[in-house]
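Comments concern the structure below.
The values are calculated or read from the model by the stated rules, or taken from the named source; none is laboratory data. Computed from a predicted structure; not experimentally measured. Every residue, glycine as well, gets a Cβ built from its backbone with ideal geometry; the counts of neighbours run over all protein chains shown. Heavy atoms of the whole protein, side chains included, go into the accessibility calculation; ligands, DNA and RNA do not. Shrake-Rupley method; radii C 1.70, N 1.55, O 1.52, S 1.80 Å.
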Amino acid sequence: MVIAIDGTSASGKSTNAKLVAKALGYVYVDTGAMYRTLAWHCLRSGVDVHDPKAVTAVLRRWKTRLICVDGEVQLLVDGYYPAKEIRTAETSAAVPHVSAIPKVREWMVRRQQSCTQFGNLVMEGRDIGTNVFPETDFKFYLDASLEERTRRREADGISEDLAKRDKRDSERKAAPLMIPLGAVVVNNSGQTPKQTSEFILGEIRRRLAARG
Ligand code: DC
């Protein structure tokens, strides 16, 4: 079982995916964190994130492994999970460049698909329902107004041009951000995470019941 949650930046994917995973007892996978980890690793290694060849070369010699800790999957770099470092403004600015490289996406998708080794999944990202698990019957696409999403980021102490990042993510050639076929679209402007996650859980339970 894979629940795919895609959507724009700061649309509440992480918060809601975690709540849904907890309620169902599923493993939570933040695929954005995986792209961020690669971007951070390139920055600290002095690799130019605008150079696809250099980034792809990093992947070939990268010592990584996936682990599951307290119901969450982590991509380790030399045995370390850079939880704080991947959330800095510098990493956020670099990540759309590495995530636009087709070879990077192929590498990530293989690892994301291998997460089923840990159990049933709630996986969030930009291309989960379109590209990573297109066959799943449980697809959600989250969005909220740009104003509200900007406020949410600012509340986390992060000032970011979300419109610019969304534009990059939507316009790239490799697996662009789009609403997956058959996805339930949830605009959660003005909603609390409890309201949004309960709506998602209700929809999952309804579909499961219909399956018998
Ligand atoms: O969800 P996030 O902000 O942590 O994602 C970071 C970046 O990674 C975002 O700009 C888009 C990219 N990304 C992607 O291209 N595909 C995914 N499945 C997840 C994230």
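Within the stretch 9-18, take every residue that is at pLDDT 95 or above and open to solvent by less than 10 Å² (accessible area, probe 1.4 Å) and give me the one that is farthest from Q117 (Cα to Cα). Full working, then the answer.
Step one: list which residues in the stretch 9-18 are at pLDDT 95 or above, which gives 11-18.
With the extra rule that they be open to solvent by less than 10 Å² (accessible area, probe 1.4 Å), the set shrinks to 11, 16-17.
Details: S11: 28, N16: 23, A17: 19 Å.
Once the filter is applied, the top-ranked residue is S11.
Tell me, please, whether a residue that is of a type in the set (S, T, N, Q) and either under 15 Å from V2 (Cα atoms) or away from the ligand (no atom under 16 Å from the Cβ) (or both) can be found in the stretch 134-148.
Residues of the stretch 134-148 of a type in the set (S, T, N, Q): 136, 145.
Checking which are either under 15 Å from V2 (Cα atoms) or away from the ligand (no atom under 16 Å from the Cβ) (or both) leaves us with 136, 145.
Within the stretch 134-148, one or more residues are of a type in the set (S, T, N, Q) and either under 15 Å from V2 (Cα atoms) or away from the ligand (no atom under 16 Å from the Cβ) (or both).
Between residues in the stretch 166-180 that are open to solvent by less than 50 Å² (accessible area, probe 1.4 Å) and residues that are among the hydroxyl-bearing types (S, T, Y) and assigned to a helix (DSSP H, G or I), which pairs lie under 8 Å by C-beta distance while being six or more apart or on different chains?
Final answer for the pair search is D169/S99; R172/S99; A175/T130; P176/S170; L177/S170; P180/T130.
Considering V73, V95, V122, which residue is hydrophobic (A, V, I, L, M, F, W, C), under 28 Å from A54 (Cα atoms) and assigned to a strand (DSSP E or B)?
Numbers: V95 fails: assigned to a strand (DSSP E or B); V122 fails: under 28 Å from A54 (Cα atoms).
That would be V73, the only listed residue that is hydrophobic (A, V, I, L, M, F, W, C), under 28 Å from A54 (Cα atoms) and assigned to a strand (DSSP E or B).
Residue-by-condition table, conditions (1) surrounded by fewer than 15 Cβ atoms within 10 Å (Cβ to Cβ); (2) out of contact with any Asp or Glu (no Cβ under 7 Å at 6 or more places or on another chain); (3) of a type outside the set (F, W, Y); (4) under 24 Å from M1 (Cβ atoms):
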residue	(1), (2), (3), (4)
G157	yes, yes, yes, no
K164	yes, yes, yes, no
G182	yes, yes, yes, yes
K194	yes, yes, yes, yes
E198	no, yes, yes, yes
R205	yes, yes, yes, yes
A210	yes, yes, yes, yes
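Rundown of residues vs (1) more than 15 Å from the ligand (Cβ to nearest atom); (2) assigned to a strand (DSSP E or B); (3) more than 30 Å from I200 (Cα to Cα), yes/no style:
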position	(1), (2), (3)
A4	no, yes, no
S9	no, no, no
K22	yes, no, no
G32	no, no, no
A83	no, no, no
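Taking the residues in the stretch 149-165 that are without any contact (Cβ under 8 Å) to a residue 40 or more places away in the chain and in a loop (DSSP other than H, G, I, E, B) as candidates, determine which candidate is farthest from the ligand (Cβ to nearest atom).
Filtering the stretch 149-165 for residues that are without any contact (Cβ under 8 Å) to a residue 40 or more places away in the chain and in a loop (DSSP other than H, G, I, E, B), the one farthest from the ligand (Cβ to nearest atom) comes out as G157.
As an exercise: evaluate G125 against (1) closer than 16 Å to S14 by Cβ; (2) surrounded by fewer than 17 Cβ atoms within 10 Å (Cβ to Cβ) and give the number of the one condition it does not meet.
Among (1) closer than 16 Å to S14 by Cβ; (2) surrounded by fewer than 17 Cβ atoms within 10 Å (Cβ to Cβ), the lone unmet condition for G125 is (2).
For the stretch 27-45, which positions are of a type in the set (F, W, Y) and open to solvent by 20 Å² or more (accessible area, probe 1.4 Å)?
Selection gives W40 alone.
Residues being farther than 17 Å from F140 by Cβ and either without any contact (Cβ under 8 Å) to a residue 40 or more places away in the chain or within 12 Å of the ligand (Cβ to nearest atom) (or both): count how many of those fall in the stretch 181-210.
Restricting attention to the stretch 181-210, the residues satisfying the condition of being farther than 17 Å from F140 by Cβ are 190, 209.
Narrowing further to those that are either without any contact (Cβ under 8 Å) to a residue 40 or more places away in the chain or within 12 Å of the ligand (Cβ to nearest atom) (or both): 209.
Counting residues in the stretch 181-210 that are farther than 17 Å from F140 by Cβ and either without any contact (Cβ under 8 Å) to a residue 40 or more places away in the chain or within 12 Å of the ligand (Cβ to nearest atom) (or both) gives 1.
Take the residues of the stretch 11-20 that are within 12 Å of the ligand (Cβ to nearest atom) and of a type in the set (S, T, N, Q): which is farthest from C68 (Cα to Cα)?
Going through the qualifying residues, I end up with S11.
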